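Encoded as structure tokens, the structure appears first; notes follow it.
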Amino acid sequence: MTGDLFIPPGLIMILGAWLLPFLGRRVQAWSVLVLSSLSLLAFGLTAADSYGQIEWLGIELVVARVDSLSRIFGVIFHLAAILSAIYALHVRDARQHVAALVYAGAAIGACCAGDLVTLFVYWELTALSSVFLIWASDNERAYRSGMRYLIIQVGSGVLLLSGIIVRYVATGSVEFVRFTPEGGAMDAAAMLILLAFGIKCAFPLLHNWLQDAYPEATPSGTVYLSGFTTKLAVYALARGFPGTELLIWVGCAMTLFPIVYAVIENDLRRVLAYSLNNQLGFMVVGIGIGTELAINGTAAHAFCHIIYKALLFMSMGAVLYRVGTVKATELGGLHKSMPWTTGFCMVGAGAISGFPLLSGFVSKSMILSAAGEQHLFWVWIVLLIASAGVMEHSGIKIPFFAFFAHDSGKRPKEAPPHMLVAMALAAGLCVLLGVAYPLLYRWLPYPADYHPYTAAHVVTQLQLLLFAALAFVFLMKTGLYPAEQRATNLDTDWVYRRAFPMLIHGGSVVFGGLDRGLRRAALGSLQAFLRGVRTLFSEHGLFGRAWSTGIMTFWATILLAFCLLLYYL
Amino acid sequence: MKTDQTSHEADAAPSWFERPENIRRMILALCVACAIVVLADLFYENHHPHFDLETSFGFQAWFGFVAFVAVVALGTALRTVVRREEDYYDR
């Protein structure tokens, strides 16, 4: 522990955000960029060490721990913040700037957290700040979607807190280290924490908040959202659960189901959200395999993915900004008026597909090789299928249906200069990392003795991608490729958006009916009783009518005679 | 680069990418590239194959084609189950 002054990573951005509302509108956007850059500078000057060991209520906290794993994630989060800040220079909404800056800063702080309590604080902060990027769209859909997002994200935080408490009670420590000992079973605390991480990482069945919320944010908001939450979860899994075999299978499932949904989805940003889910699957498989090559692959893939995913969201955001929609049914032929955006989008599409000379090639292949080295044949096959699937939706569908295909007649202006600059920088990084990959490899957690550009790798990857493209041409020519349609596709969000409300509504109908019926019966019988009493005591009723004197004397005589008889018997 | 915002019917002059002869040329180039890339399998040696299948001739080529078609087919099938009207959740 150093005695010098140190600045917790991300704090410059979180605290700086609160100054923004006091600045002029135009200055705010630039301030976001300046603060993010300053934070990167400070981070670069922070040596690898543990800082901020403090005792709080008898618990040992380590506010910041910078090592090779947190360093690479810290760097890429900063780069994502800077690229997104450039992209968002047109935004005149203070809400979005404050939210974005706090969000990015919290993610950086979280990936450098040395103990679970600090992690929890930053974890919740990312959820609370990012929801404002969704609400900033200022429409009913975005409001409701943001609510669902918030509930799910805070739910993840609650699970994390429960896990932390269980762990503290069991072990007396809240250190953020590996939770699963070699070959050991997971205890209750580990399971709770895994679930919490899994929600934020969009594990299957817990994933739909991603496709629900991300397309509802503003163009620049979604670019910010795409970079942090899910990759923070990847970091957390890599730190806490490396080599957990369960994650290999979870990751395989994650790479497969989104590519099927992406084929039939109309909103292109929702397609990108499914694509994000698929790419996270690659990373989770890498964590599950757990060897040095696999973890390196996960870190490298996260690094490259953040950049090319941001690039793809930026190009779609530019289309949304200029055209007003990103629905495939309403786009097409935009390459004529937005050639630069088209070009940058295609660089991103090539990068995510893993074309040689682009960043995806040098990162994804590490995970595939790691699977190969462990002789996990079916995992390797699944990852190959997933790679073909990525080519389908991100490599071909996104650029083709937005910018080519049939002419929609729309002639929007080219994207504004600052967006073009952001996209150019991101595209440049995709190429740089692909060509000069040692620059990336020296930041990896473990020493990387890996050579992606072997003849075998290059040729087989080109075979996969080019024949996938050929398949697309074949399907289009034969009319077998499904047409883009305006539709909603049901995913697991149906459960809490339709099934639960229906059950509750149905339940209230049944119980309401029963309640009404019972009340009616009770009141009815009470009323009948009262009616009966009234009849009896009314003017002509048995107890109410006036008896004449004659009848009275008659009955009195009978009664006396009866008594006389009884006396003499 | 056009800066005209008015949306009008498709231009009388299609762009380079839209002219049928160029589309034919691009597809032809793709087929040629595919052929080259498969034949390239004969010219190198894979020194560290992890699986036998990896070294069979043109494996990732036909696998990529089949996987692509399969994913699209699954998507078309999935659509019959999950497709609803666009305003399904807003009603």
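Where a ≥ b ≥ c are the square roots of the eigenvalues of the C-alpha gyration tensor, would you call segment A:79-169 rounded, which needs a/c under 1.5, or, failing that, prolate if a/b is larger than b/c, or oblate?
oblate
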In deg cm²/dmol and to the nearest 500, what is the mean residue ellipticity at 222 nm of chain A if only DSSP H runs of at least 4 residues count, each as -39500 (n - 2.57), divided by the residue total?
-23000 deg cm²/dmol
Relative compactness, the protein assembly as shown, computed as alpha-carbon Rg over 2.2 N^0.38 Å
1.29
Once the Cα atoms of segment A:1-240 are picked out, what are the Rg and Dmax in Å?
17.6, 57
Cα convex hull volume per residue for segment A:1-84, in Å³, equals 110
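If I stretch the segment between B:MET26 and B:VAL66 completely, what's the gain in nm (0.36 nm per residue apart, minus their alpha carbon distance), one decimal?
Here the segment from B:MET26 to B:VAL66 would lengthen by 12.2 nm.
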Could you calculate the contour length gain from A:HIS406 to A:ALA483, that is, 0.36 nm times the residue separation minus the distance between their Cα atoms, to one decimal place in nm?
26.5 nm
Starting from the Cα-Cα distance between A:TRP555 and A:ILE504, subtract it from 0.36 nm times their residue separation and give me the gain in nm to one decimal.
11.6 nm
Between chains A and B, what is the buried accessible area summed over both chains (1.4 Å probe, protein heavy atoms, nearest 100 Å²)?
5800
Tell me the angle of helix B:59-82 to the major Cα principal axis of chain B, expressed in degrees between 0 and 90 and rounded to the nearest ten.
40
Got a sec to turn the phi values of segment A:542-549 into Karplus ³J(HN,Hα) couplings, 6.51 cos²θ - 1.76 cosθ + 1.60 with θ = phi - 60°, whole Hz, x for Gly and Pro?
4, 9, x, 7, 7, 8, 6, 4
Nitroxide proxy distance, nm - points 7 Å out along Cα→Cβ at B:THR76 and A:PHE474:
1.3
Simple SL model, points at 7 angstrom along Cα→Cβ for A:ALA522 and B:ASP87; separation in nm is 4.3
Going by alpha carbons, how many degrees (0 to 90, nearest 10) lie between the helix axis of B:20-39 and the longest principal axis of chain B?
20
Determine the alpha carbon to alpha carbon distance for each of A:LYS364/A:LYS413; A:LYS364/A:LYS397; A:LYS309/A:LYS477; A:LYS336/A:LYS397 and list only those over 25 Å.
A:LYS364/A:LYS413; A:LYS309/A:LYS477
Cα pair distances exceeding 21 angstrom across chain B, given as percent:
66
With labels modelled as points extended 7 Å from the Cα through the Cβ direction, what inter-label distance (nm, one decimal) is found for B:PHE17 paired with A:TYR143?
3.9
Quick shape check on segment A:200-340: root eigenvalues a ≥ b ≥ c of the Cα gyration tensor, a/c under 1.5 is rounded, otherwise prolate if a/b tops b/c, else oblate, and it reads prolate
At a threshold of 8 angstrom on Cα-Cα distance, excluding pairs fewer than six apart, so keeping six or more, what relative contact order does chain A reach in percent?
13
Past the 15 angstrom mark, what percentage of all C-alpha to C-alpha distances in segment A:445-514 do you count?
78
What are the ³J(HN,Hα) values, in whole Hz, obtained from phi via the Karplus relation 6.51 cos²θ - 1.76 cosθ + 1.60 with θ = phi - 60°, for each residue of segment A:321-337 in sequence order, with x given for Gly and Pro?
5, 8, 9, x, 8, 10, 7, 4, 5, 10, 10, x, x, 6, 4, 5, 10
Overall form of segment A:242-477 per C-alpha gyration tensor (a/c, 1.5; a/b vs b/c)
prolate
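The values are calculated or read from the model by the stated rules, or taken from the named source; none is laboratory data. For clarity, every value in this text was computed on a predicted model and none was experimentally measured. Glycine gets a Cβ as well: all are built from the backbone with ideal geometry, and neighbour counts include every protein chain shown. These accessible areas exclude ligands, DNA and RNA; they are computed on the full protein's heavy atoms, side chains included. Shrake-Rupley method; radii C 1.70, N 1.55, O 1.52, S 1.80 Å.
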